[in-house]
Amino acid sequence: MKTAVIYWSGTGNTEAMAKAVAEGAGVDAVAVSDFSGSVGDYDALALGCPAMGAEVLEEDEFEPFFAGIEGALSGKKVLLFGSYGWGDGEWMRNWQERVTAAGAELVGGEGYTVNEAPSDEDLAKLKALGAELA
């Protein structure tokens, strides 16, 4: 199964999460600005983005990227993850709805969120989710 881990991170928290997922999946994590492949070539995707502004995906790079691949998610295994510093996780609930409406299978049943920086326990869980994804 071909797997990609693609993320956007502003403070490094989501990047740390992406690296843990990638380690578990046995692949490299790639910043969304550096991803040059086609999601159609992958069976499984791990997508990471923190909550921004009024609990939305990062709007300059990640949201346009995600909107562009949304139609190609049907039948794929998808793991969502990200960090936040305020709010109640509305951005993740909305993102989950978009992914399942596109016909993807959510690994773990829901996105994995961390308030601020991930703990060692969080990173271990993300590594396990990466292994499950791959």
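Bear in mind these aren't lab numbers, they're just calculated from the coordinates by the rules spelled out. Keep in mind that this is a model prediction, so the values were computed, not measured. Neighbour counts run over all protein chains shown; Cβ positions are idealised from the backbone, glycine included.
Observations on the structure shown:
- Being in contact with a helix residue (DSSP H, G or I) (Cβ under 6 Å, 6 or more places away or on another chain) and either farther than 15 Å from residue 17 by Cα or among the hydroxyl-bearing types (Ser, Thr, Tyr) (or both) is true of residue 113.
- Residue within segment 4-17 that is free of Cβ contacts under 8 Å to residues at least 12 places away in the same chain, aliphatic (A, V, I, L, M) and at negative phi present: no
- Residue within segment 49-61 that is in contact (Cβ under 8 Å) with a residue 60 or more places away in the chain, touching a strand residue (DSSP E or B) at 6+ places or on another chain (Cβ under 6 Å), of a type outside the set (D, E, K, R) and under 16 Å from residue 106 (Cβ atoms) present: no
- Filtered residues of segment 6-47 (kept if in contact with a Phe, Trp or Tyr (Cβ under 9 Å, 6 or more places away or on another chain) and in a loop (DSSP other than H, G, I, E, B)): 8, 35
- The condition (being surrounded by 23 or more Cβ atoms within 10 Å (Cβ to Cβ) and either within 12 Å of the chain's Cα centre (by Cα) or of a type in the set (Val, Ile, Thr) (or both)) is satisfied by just one residue among 32, 5: 5.
- Checked against the criterion of being aromatic (Phe, Trp, Tyr) and free of Cβ contacts under 8 Å to residues at least 60 places away in the same chain, segment 104-114 has no qualifying residue.
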